[in-house]
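These notes are about the structure you will find just below.
The values are calculated or read from the model by the stated rules, or taken from the named source; none is laboratory data. Worth saying up front: this structure is predicted, and the values here are computed from it rather than measured. Reconstructed Cβ throughout: ideal geometry from the backbone, glycine too, with neighbour counts over all protein chains shown. Remember, those area values only see protein heavy atoms, side chains included, never the ligands or the DNA or RNA. Shrake-Rupley method; radii C 1.70, N 1.55, O 1.52, S 1.80 Å.
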Amino acid sequence: MFKRLIILFCGVLMMCTATAASAATVTKLKNGLTVLIQEDKRFPLVSTRLYVHAGSGYEEPREAGISHVLEHMVFKGTKNYAKGQIAASIEELGGYLNAATSFDYTVYIADLPADAWQTGLKVLRDQAFFANIDAEELESEKKSYYFRTGAR
């Protein structure tokens, strides 16, 4: 499963002052990460998305729901953020943090004031690469997920 967690792209929509949106630029980095940037100067906001190549369409029946469970787990603490600090680090800046899992991808979302864009990237990086997956917490999350959805 973890081998399938390939990052497809991280879209950063930087919105700064008071004119219309520009054309998007797409850059593929040496490590395979594709970065999309579209500047829109109408609002002083940055909207960051990290898309991961993981979803129910890639799961075997015995793994059903694991992409969604792992999506929840990365909010429970990372190397640099204790449980509860991840969302707080974004929200205290007036931002929004969320995630969603679909058939063929999981997306992590951080929307913040433009001058705090680095915090958004740091949080998403930590969630993707430095999540603390506690075994007991994982089992609890799996039971909760399967109870809510009737999966398995």
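Taking Glu59 and the conditions (1) free of Cβ contacts under 8 Å to residues at least 60 places away in the same chain; (2) among the charged types (D, E, K, R); (3) within 19 Å of Leu36 (Cα to Cα); (4) touching a helix residue (DSSP H, G or I) at 6+ places or on another chain (Cβ under 8 Å), which numbered condition does it fall short on, given that it satisfies the others?
(3)
Just one of the numbered conditions (1) over 20 Å from Tyr51 (Cα atoms); (2) of a type in the set (Ser, Thr, Tyr); (3) surrounded by 19 or more Cβ atoms within 10 Å (Cβ to Cβ) is not true of Thr149; which one?
Condition (3) is where Thr149 drops out.
Would you pick out the residues in segment 83-134 that are open to solvent by 70 Å² or more (accessible area, probe 1.4 Å) and closer than 27 Å to Thr149 by Cα?
Of everything in segment 83-134, those that are open to solvent by 70 Å² or more (accessible area, probe 1.4 Å) and closer than 27 Å to Thr149 by Cα turn out to be Lys83, Tyr96, Phe103, Tyr105, Asn132, Ile133, Asp134.
Can you work out which of the residues in segment 65-82 that are in a loop (DSSP other than H, G, I, E, B) and open to solvent by 30 Å² or more (accessible area, probe 1.4 Å) is farthest from Gln127 (Cα to Cα)?
Here the answer is Ala82.
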